[in-house]
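The values are calculated or read from the model by the stated rules, or taken from the named source; none is laboratory data. Note that the structure is predicted; figures quoted are calculated from it, not measured. Neighbour counts are summed over all protein chains in view; Cβ atoms, including those assigned to glycine, are modelled from backbone coordinates with ideal geometry. Please note that ligands, DNA and RNA were not included when accessible areas were found on the heavy atoms of the full protein model with its side chains. Shrake-Rupley method; radii C 1.70, N 1.55, O 1.52, S 1.80 Å.
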Amino acid sequence: MGSPLIRRVTILVTALLLSACGFQLRSQAIPPELMTMKVVGDTKSDLYRQVTTRLKASGVNLTDKEGIPVLTLGGVSNSSQVASVDALGQDKEYVLGYSTSFTVSMPGQPTQIFPITFNRSFLNKPDAALASSREQEQLGKEMQEQAASLIIRQLSQVKF
């Protein structure tokens with residue numbers, strides 16, 4: 001009989017401690033002032049399509065009106081650096097980089113700039129060149145999807 005009471009008290013104390021230290025679950029909710037916005041960027045890029053699709057799925061109304069918040073997606077930069085070589089001097093490992101930035105501007109408020117940078121390591125397999133190039137392409141797509149998710153997550157944290 002004491003066991004259920006102890007569990008309830010433990011859960012209550014844990015909840016109180018977590019709320020006291022400021023812990024909050026991450027929310028993907030877009031702030032109300034950003035529920036109608038304009039998105040500016042390269043409309044033909046995959047990042048633009050992914051971000052606008054995710055914004056629409058979150059219930060954001062995308063329009064070209066004036067006087068509303070503007071999300072500006074910057075250009076994407078990809079890089080590749082040799083991280084290690086084997087005994088014969090052949091490239092064995094690369095570090096793939098993905099960087100972009102976005103800004104959020106609201107009339108009468110300062111523009112907020114958010115840089116995004118990802119790095120992933122990639123093992124080069126010379127004996128399986130086709131598989132290596134596909135793996136490299138897949139890593140690039142994954143970094144792009146992560147960037148789109150990060151943009152939405154950071155939008156949920158924007159404060160004016």
(message) For segment 37-61, give me each residue that is open to solvent by 30 Å² or more (accessible area, probe 1.4 Å), of a type in the set (Ser, Thr, Tyr), in a helix (DSSP H, G or I) and within 13 Å of Leu71 (Cβ to Cβ).
(response) Tyr48
(request) Check Val104 against each of (1) assigned to a loop (DSSP other than H, G, I, E, B); (2) under 23 Å from Ile30 (Cα atoms); (3) open to solvent by less than 60 Å² (accessible area, probe 1.4 Å) and name the one condition it does not meet. (result) (1)
(request) Check whether at least one residue in segment 127-145 is part of a loop (DSSP other than H, G, I, E, B) and surrounded by 13 or more Cβ atoms within 10 Å (Cβ to Cβ), and report yes or no. (result) no
(request) Report yes if Lys65 is touching an Asp or Glu at 6+ places or on another chain (Cβ under 9 Å) and basic (Lys, Arg), otherwise no. (result) no
(message) Can you tell me which of (1) surrounded by 17 or more Cβ atoms within 10 Å (Cβ to Cβ); (2) not in a strand (DSSP E or B) is the one Gln154 doesn't meet?
(response) (1)
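Taking the criterion of being under 23 Å from the mean Cα position of the chain (by Cα) and charged (D, E, K, R), would at least one residue in segment 79-87 satisfy it?
The answer is no; no qualifying residue exists.
Would you pick out the residues in segment 86-101 that are out of contact with any strand residue (DSSP E or B) (no Cβ under 6 Å at 6 or more places or on another chain) and open to solvent by 60 Å² or more (accessible area, probe 1.4 Å)?
Ala87, Leu88, Gln90, listed by residue number.
State all residues of segment 107-160 that are among the hydroxyl-bearing types (Ser, Thr, Tyr), in contact (Cβ under 8 Å) with a residue 24 or more places away in the chain and touching a strand residue (DSSP E or B) at 6+ places or on another chain (Cβ under 9 Å); if no residue qualifies, say none. Spell out the reasoning first.
Just the residues of segment 107-160 that are among the hydroxyl-bearing types (Ser, Thr, Tyr), to begin with: 111, 117, 121, 132-133, 149, 156.
Retained after the next criterion (residues that are in contact (Cβ under 8 Å) with a residue 24 or more places away in the chain): 121, 149, 156.
Ser121, the sole residue that qualifies.
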